[in-house]
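Q: The structure is given below, and queries will be raised subsequently.
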Amino acid sequence: MLLAVMFFGLSGYAGVASLHQAALVRSVAEAGSDTDAYQEAAYQVTHEMALLQAAMREPDGEERRQLRAANAQADAAMQRMAAVDAEHHLSALALADQHHRLAPILAGFLAQLDRDDTGAAFTTLEVLLEPEYQEMITQMAQEKDVHLAEYDRQQSDAKRESERSALAVVIVFVLGLLVLAGIRLIGLAHRRQVETMAATDPLTGLPNRNAFAARTERALIRGPDVTVLVLNIDGFRDVNEQLGQRIGDLILAEAGRRISSQVRGDDVVARLGGDEFAVLLADDSPAAGESLATRLSDEFARSFDVDEVVIDLEVSIGAAVSEPGDDATTVLRHADAAMHVAKQAHGGFHTYREESRQDTVARLALLGDLRRALDDPGQLTLHYQPQVSVASGKLIGVEALARWQHPTRGSVSPAEFIPVLEVSSLMHRFTTQMLTKALRQARNWLDAGHKITMSVNISTRSLLDATFPGRVADLLTETGVPGPQLCIEVTEYALMNDPDAAIQSLQRLRDLGVKVSIDDYGTGYSSMAYLKVLPVDELKIDRSFVKDIAGDDSSRALVASTVELGHSLGLEVVAEGVEDGESVAALQLIGCDIAQGYHFARPLPAEELTARMASTLQTN
């Protein structure tokens, strides 16, 4: 009887202990669920911030188009986190609301990128968005640690309860230990899984930007010199747009494998986002970075055979070696800047140097000043250089040349600011403003009885813009200038950069009656075949061939052959850089049509040139 009582007592105790144990298991599961929710929210917000930073670097990139979806996913994860965490509901809800309130600021940031207002977008990102995202990530990490601590505490409670149960019955004790061991193993595996997911790019399986930055930071602590390479796949955006995201994802996965195959065991390969990868070298020698860049370039020279589609791609690589005091963000930024230099120069590889940083800062400052100058009608003006008939000496045209009077620096040379504009979307605004000023002045001269051609230089960016001919048509209508009174000057490089698109654009301009001139002829690489089919009216011989025409037989022969070629194609020929009467006489003997240079006049403001028209220059 006593044994029966003891058995039933032990059984009852075991049953009660089992119920209590089950309650503890549920508590542990709930704590794990809270941890999962915070981890997922932190991951989504971190991913969103990485996309923001990528969109700032490349406003037209894939990350820019992913931002709104990433914002929605992060917002949903934050709401789930607030719903799950009953114990800290108010603080979780405050975090979710903080993220939700950033939506209008994010929308403003995207609008600034759409307007190409990169200065304002950078300020919005650095001052308004990044601090908020960093604060949210930090708070979620702290809350996650609290829940992990609660998770561990409840596990400890469960263990103690199991030990007490073991004093009554060995079976309960053994079962309790087994349950605790299983829960512990699951918890550790889950924690490792979550931490791995947060540090891994899901597409390639490589470390992501945050993990790479952390590894770089640890490397900087171990030693002062660290070498980082940043790689960008040239032409990848076209693959995504034309062949679809699935093919693009397969190429990215293969690119990750190719890069990993070329590094050593101690090196770290990561995908930073989009079509950008990075390598952290265990060797701090610059030569090691250059050697790896050569191997990677050779690796990417092999065609990608993806899903029965053969694709040829190249890679641009930038390298940077850390300097004392640099952190991971700085080294990555320097390598990224070097990569962009390599991309623009089509050079494949470039190593960052301090003077490069200074040049970049100066160019960015100049670009900001140009943006403000476009809003100030007094800074950017036009001067006009006469174009004179070689046969009659009459003024038959002018070339409009941009001038910039900076409010603090004074006169800034076009050679300094035009190249900055040519790689910026500001070139469209600049072209429209200068063309408008030139046509209005042409109208003024027409009204005064001076029927002269207005020549305006157009950049490659503007020529290849499909909307450019339409804007020219609108300006001609607005100013009342006949099409034949306008001459568009383009360089050989602009024509050969994309011949088919250039021919279409020039033909639309010719349909308006506008003349077309090939500027700096002889310095580029246009072929005879293209010259025959290009819809042009005029060749302008570069000043380098004209300056010695009076005394150098080779220069005179080159100019004469160009004049003969132009005339055989039905084109007028203009000689630039004419600086003396002897050159004019030589051009008359050769039969050149038009001359332009300091011998006739330097570029002048409209008022001065108008006065000279009345006194010394004859017009039609």
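The values are calculated or read from the model by the stated rules, or taken from the named source; none is laboratory data. Quick caveat: nothing in here was measured; it's all calculated off a predicted structure. Here Cβ is always computed from backbone atoms with ideal geometry, including for glycine, and neighbour counts include all displayed protein chains. Heavy atoms of the whole protein, side chains included, go into the accessibility calculation; ligands, DNA and RNA do not. Shrake-Rupley method; radii C 1.70, N 1.55, O 1.52, S 1.80 Å.
Q: Tell me which residues, restricted to region 472-489, are hydroxyl-bearing (Ser, Thr, Tyr) and more than 11 Å from Leu512 (Cβ to Cβ).
A: Matches in region 472-489: Thr479 only.
Q: What about Glu58, is it under 40 Å from the mean Cα position of the chain (by Cα), at negative phi and modelled with pLDDT under 85?
A: yes
Q: For the subset of region 181-213 comprising residues that are open to solvent by less than 40 Å² (accessible area, probe 1.4 Å) and hydrophobic (A, V, I, L, M, F, W, C), which member is modelled with the lowest pLDDT?
A: The qualifying residue modelled with the lowest pLDDT is Val194.
Q: Using the structure shown, decide if Gln379 is open to solvent by 80 Å² or more (accessible area, probe 1.4 Å) and at negative phi. Break it down stepwise before answering.
A: Numbers: open to solvent by 80 Å² or more (accessible area, probe 1.4 Å): no; at negative phi: yes.
Criteria not met by Gln379.
Q: Name the one entry in Gly397, Gly325 that is at pLDDT 90 or above, of a type outside the set (Phe, Trp, Tyr) and not in a helix (DSSP H, G or I).
A: Going through Gly397, Gly325 in turn, the sole match is Gly397.
Q: Check off (1) part of a helix (DSSP H, G or I); (2) loosely packed, with under 15 Cβ neighbours inside 10 Å for Ser392 and give me the number that stays unchecked.
A: Single failed check for Ser392: (1).
Q: For region 460-469, which positions are in contact (Cβ under 8 Å) with a residue 12 or more places away in the chain and open to solvent by 10 Å² or more (accessible area, probe 1.4 Å)?
A: Result: Thr460, Arg461, Leu464, Asp465, Ala466.
Q: Is it the case that region 511-529 has a residue that's within 20 Å of Ala466 (Cα to Cα), in contact with a Cys (Cβ under 9 Å, 6 or more places away or on another chain) and either aromatic (Phe, Trp, Tyr) or open to solvent by 40 Å² or more (accessible area, probe 1.4 Å) (or both)?
A: Yes, region 511-529 contains at least one residue that is within 20 Å of Ala466 (Cα to Cα), in contact with a Cys (Cβ under 9 Å, 6 or more places away or on another chain) and either aromatic (Phe, Trp, Tyr) or open to solvent by 40 Å² or more (accessible area, probe 1.4 Å) (or both).
Q: Then there's this: Surrounded by 12 or more Cβ atoms within 10 Å (Cβ to Cβ), out of contact with any Pro (no Cβ under 6 Å at 6 or more places or on another chain) and under 24 Å from Arg429 (Cβ atoms), is that true of Tyr384?
A: yes
Q: What are the pairs, 6+ residues apart or on separate chains, where a residue within region 499-519 that is within 20 Å of Ile452 (Cα to Cα) has its Cβ under 6 Å from a residue that is loosely packed, with under 14 Cβ neighbours inside 10 Å and not basic (Lys, Arg)?
A: That search, which allows pairs on different chains as well, returns Gly513/Pro484.
Q: Then there's this: Going residue by residue through region 113-121, is there one that turns out to be of a type outside the set (A, V, I, L, M, F, W, C) and on the phi > 0 side of the Ramachandran plot?
A: The first filter runs over region 113-121 and keeps only residues of a type outside the set (A, V, I, L, M, F, W, C), leaving 114-119.
Remaining after also requiring on the phi > 0 side of the Ramachandran plot: 116.
There is at least one residue in region 113-121 that is of a type outside the set (A, V, I, L, M, F, W, C) and on the phi > 0 side of the Ramachandran plot.
Q: Answer with yes or no whether Ser455 is more than 28 Å from Ala595 (Cα to Cα), open to solvent by less than 20 Å² (accessible area, probe 1.4 Å), outside any helix (DSSP H, G or I) and not hydrophobic (A, V, I, L, M, F, W, C).
A: no
Q: A further question on this structure: Cβ-Cβ distance below 6 Å, separation of 6 or more or different chains: which pairs start in region 473-491 with a residue that is in a loop (DSSP other than H, G, I, E, B) and end on one that is open to solvent by less than 10 Å² (accessible area, probe 1.4 Å)?
A: Listed pairs, sorted by first residue: Val481/Leu439; Val481/Ala442.
Q: Could you tell me whether region 67-74 includes any residue that is surrounded by 19 or more Cβ atoms within 10 Å (Cβ to Cβ) and among the charged types (D, E, K, R)?
A: no
Q: Pick out the one residue from Ala442, Ala415 that is in contact with a strand residue (DSSP E or B) (Cβ under 8 Å, 6 or more places away or on another chain) and aliphatic (A, V, I, L, M).
A: Ala442
Q: Would you say Tyr133 is over 27 Å from Arg246 (Cβ atoms), aromatic (Phe, Trp, Tyr) and over 19 Å from the mean Cα position of the chain (by Cα)?
A: Judged against the criteria, Tyr133 is a match.
Q: Within region 200-225, can you find the residues that are small (Gly, Ala, Ser) and either touching a Pro at 6+ places or on another chain (Cβ under 6 Å) or in a helix (DSSP H, G or I) (or both)?
A: Of the residues in region 200-225, the ones small (Gly, Ala, Ser) are 205, 211, 213-214, 219, 223.
Passing the criteria: Ala211, Ala213, Ala214, Ala219.
Q: Quick one: which of Glu126, Glu161 is among the acidic types (Asp, Glu), modelled with pLDDT under 75 and part of a helix (DSSP H, G or I)?
A: Being among the acidic types (Asp, Glu), modelled with pLDDT under 75 and part of a helix (DSSP H, G or I) holds for just one of Glu126, Glu161, which is Glu161.
Q: Hey, can you tell me all the residues within region 480-495 that are surrounded by fewer than 20 Cβ atoms within 10 Å (Cβ to Cβ) and at pLDDT 95 or above?
A: If the condition is that a residue be surrounded by fewer than 20 Cβ atoms within 10 Å (Cβ to Cβ) and at pLDDT 95 or above, then Gly480, Pro482, Gly483, Pro484 are the ones that fit.
Q: What are the pairs with Cβ atoms under 6 angstrom where one residue, in region 202-224, is more than 15 Å from Arg333 (Cα to Cα) and the other, located anywhere, is acidic (Asp, Glu)? Sequence gap at least six, or different chains.
A: Leu203/Asp249; Asn208/Asp201
Q: Taking the options Gly566, Gly577, Gly570, name whichever one is within 30 Å of Val533 (Cβ to Cβ) and open to solvent by 40 Å² or more (accessible area, probe 1.4 Å).
A: Among Gly566, Gly577, Gly570, only Gly570 is within 30 Å of Val533 (Cβ to Cβ) and open to solvent by 40 Å² or more (accessible area, probe 1.4 Å).
Q: Something else now. Could you figure out which of (1) within 30 Å of Ala586 (Cβ to Cβ); (2) open to solvent by 30 Å² or more (accessible area, probe 1.4 Å) isn't true of Gly397?
A: Going through the list (1) within 30 Å of Ala586 (Cβ to Cβ); (2) open to solvent by 30 Å² or more (accessible area, probe 1.4 Å), Gly397 breaks only (2).
Q: From the residues in region 400-434 that are part of a helix (DSSP H, G or I), touching a helix residue (DSSP H, G or I) at 6+ places or on another chain (Cβ under 8 Å) and closer than 23 Å to Leu476 by Cα, which one is most open to solvent (accessible area, probe 1.4 Å)?
A: Per the stated criteria, the residue is Arg429.
Q: So which residues in region 538-587 are hydrophobic (A, V, I, L, M, F, W, C), under 41 Å from the mean Cα position of the chain (by Cα) and in a helix (DSSP H, G or I), if there are any at all?
A: Phe545, Val546, listed by residue number.
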